[in-house]
Amino acid sequence: QTGMFTYDPGFTSTGSCESKITYIDGDEGVLLYRGYPIEQIAEGGDFLDTCYLLLYGELPTSEQKLDFVKRVTNHTMVHEQMSRFFQGFRRDAHPMAIMVGSVGALSAFYHDSTDISDPTQRMIASIRMIAKMPTLAAMAFKYSIGQPFMYPQNDLDYATNFLQMCFAVPCEPYKANPILSKAMDRIFILHADHEQNASTSTVRLAGSSGANPFACIAAGIASLWGPAHGGANEAALKMLAEIGSVDRIPEYIKRSKDKNDSFRLMGFGHRVYKHYDPRAKIMQQTCHEVLKEVGINDPLLDVAMELERIALSDDYFIEKKLYPNVDFYSGITLRAMGFPTDMFTVLFAVARTVGWIAQWKEMIEDPAQKIGRPRQLYSGATRRDYVAEGKRK
Ligand code: SDX
């Protein structure tokens, strides 16, 4: 019981809060964005459709969509001085470290024009965040591989523009691949929001003090980086590479059950889902599509599929209700698309920005909202008198 704490107003005593944005039924493996099933959005929609839905609560009409796409497109560039900001990082800095720093630095550029009591400025800040995250993420990637930054191209859709900024080089024309763009867009949709996960709760708590929204998103990025959360996609691929072949799976399944062994099956288990994570199914299908398109026969996919098959029929995993989560297949997919493992969580952060900012906006616009103030169950020393240094034993 020590260290237990309950949240103050804005959160009920169970540490939860009220929201209209995303619904999860962990027992049934259901995920709804504003009431629409993730499977239907991933199939029929695109990421900016999803951003509009999460921000405004309804799917956009064609006219609303056109206007929204234009507004996002017009904010994709970052202040030119940001490129100098990057020069301060070591070349081998983890891209997530760069993202925490550079997104936080955005508050220095837009702090004066972010009066969060003004609904228009709240929406502009939200759109700026959605628009600039891919640009900063691509800059972090380019910086880490020593290539020149590529500017956003306004004639490209969101996902293609991001891939262009990551993989195009000034000396060659960029050839977009519609299959990979669609896969990237779908991966963004799958990661867009997930109710009160650790990073979203971080953004809400930071934002409850009235802090600048760009700084709040930087706090969310920091929380997402952890291997138990968004860092699991990078950890899952490293785990599959360590297992290496199908015949070594039983040894790792055994280790994951051993309480004295810190090994966990990364990409498995979830705080809420006690059933198959609906995103994992769509991720697996996307993984097959991408591998087929790029003509890769990745042995790690065989290891992942066999690991899933064995785990889903294993009594321990059945009893603990452990299923693959969104991070299990994403690493194989992203590596096939050309991303290094240390970029996987950055891509998760690009997608999750709309969820973070939609939840931040919902909280700020709640008239009953107060600053979050987690309480605690105190288990330290009872009152005692101070002892001068010479008298201490
Ligand atoms: C994300 O919250 C969100 O919504 C997050 C997210 C989002 O979109 O924002 O969905 C994204 O973070 C997905 C989760 C990614 N993390 C991983 O894949 C890391 C590996 N997973 C585990 O670390 C773990 O499953 C957690 C951290 C995700 C959840 O940990 P819990 O709360 O301990 O899991 P649980 O309560 O469901 O565990 C039940 C039991 C426990 O054993 P007992 O204490 O009951 O004996 O299962 C065990 C756990 O120890 N267990 C595992 C396991 N995950 C849980 N055993 C082996 N391998 C695992 N992966």
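Of the helices (runs of 4 or more DSSP H) that lie entirely inside region 22-120, those containing 3 or more residues that are at pLDDT below 95 and among the hydrophobic types (A, V, I, L, M, F, W, C) span 82-86, 95-110. Report whether or not residue 334 is in contact with a helix residue (DSSP H, G or I) (Cβ under 7 Å, 6 or more places away or on another chain), at pLDDT 90 or above, away from the ligand (no atom under 16 Å from the Cβ) and not charged (D, E, K, R). For residue 334, the condition - in contact with a helix residue (DSSP H, G or I) (Cβ under 7 Å, 6 or more places away or on another chain), at pLDDT 90 or above, away from the ligand (no atom under 16 Å from the Cβ) and not charged (D, E, K, R) - is not met. Quick check on my filter: what residues within region 254-265 are near the ligand (Cβ under 10 Å from one of its atoms) and not in a helix (DSSP H, G or I)? Correct list: 258, 259, 261, 263, 264, 265.
Considering every residue within region 356-365, establish whether at least one is within 15 Å of the ligand (Cβ to nearest atom) and open to solvent by 10 Å² or more (accessible area, probe 1.4 Å). So far as region 356-365 goes, no, none of its residues is within 15 Å of the ligand (Cβ to nearest atom) and open to solvent by 10 Å² or more (accessible area, probe 1.4 Å).
Quick one: count up the residues across region 310-328 that are part of a loop (DSSP other than H, G, I, E, B) and either of a type in the set (Asp, Glu) or without any contact (Cβ under 8 Å) to a residue 24 or more places away in the chain (or both). Within region 310-328, residues that are part of a loop (DSSP other than H, G, I, E, B) and either of a type in the set (Asp, Glu) or without any contact (Cβ under 8 Å) to a residue 24 or more places away in the chain (or both) number 2. Of everything in region 84-113 that is surrounded by fewer than 15 Cβ atoms within 10 Å (Cβ to Cβ) and not charged (D, E, K, R), the residue that is farthest from residue 210 (Cα to Cα) is 87.
How many residues does region 211-244 hold that are in a loop (DSSP other than H, G, I, E, B) and either near the ligand (Cβ under 9 Å from one of its atoms) or open to solvent by 40 Å² or more (accessible area, probe 1.4 Å) (or both)?
We begin by selecting, within region 211-244, every residue in a loop (DSSP other than H, G, I, E, B); these are 211-212, 225-231, 244.
Now narrow it down to the ones that are either near the ligand (Cβ under 9 Å from one of its atoms) or open to solvent by 40 Å² or more (accessible area, probe 1.4 Å) (or both): 225-231.
Matching residues across region 211-244 total 7.
Of the residues making up region 266-309, those that are open to solvent by 60 Å² or more (accessible area, probe 1.4 Å) and in a loop (DSSP other than H, G, I, E, B) are 271, 274, 275, 295, 296, 297.
Among the residues of region 171-193, those identified as of a type outside the set (S, T, N, Q) and open to solvent by 10 Å² or more (accessible area, probe 1.4 Å) are 171, 172, 173, 174, 175, 176, 178, 179, 180, 182, 185, 186.
Which of the numbered conditions does residue 126 fail, given that it passes all the others? Conditions: (1) free of Cβ contacts under 8 Å to residues at least 24 places away in the same chain; (2) closer than 28 Å to residue 226 by Cα; (3) assigned to a helix (DSSP H, G or I). It is condition (1) that residue 126 fails.
The values are calculated or read from the model by the stated rules, or taken from the named source; none is laboratory data. Just so it is clear, the model here is predicted, and its values are computed rather than measured. Note: ideal-geometry Cβ built from the backbone for every residue, glycine included; neighbour counts use all protein chains shown. Heavy atoms of the whole protein, side chains included, go into the accessibility calculation; ligands, DNA and RNA do not. Shrake-Rupley method; radii C 1.70, N 1.55, O 1.52, S 1.80 Å.
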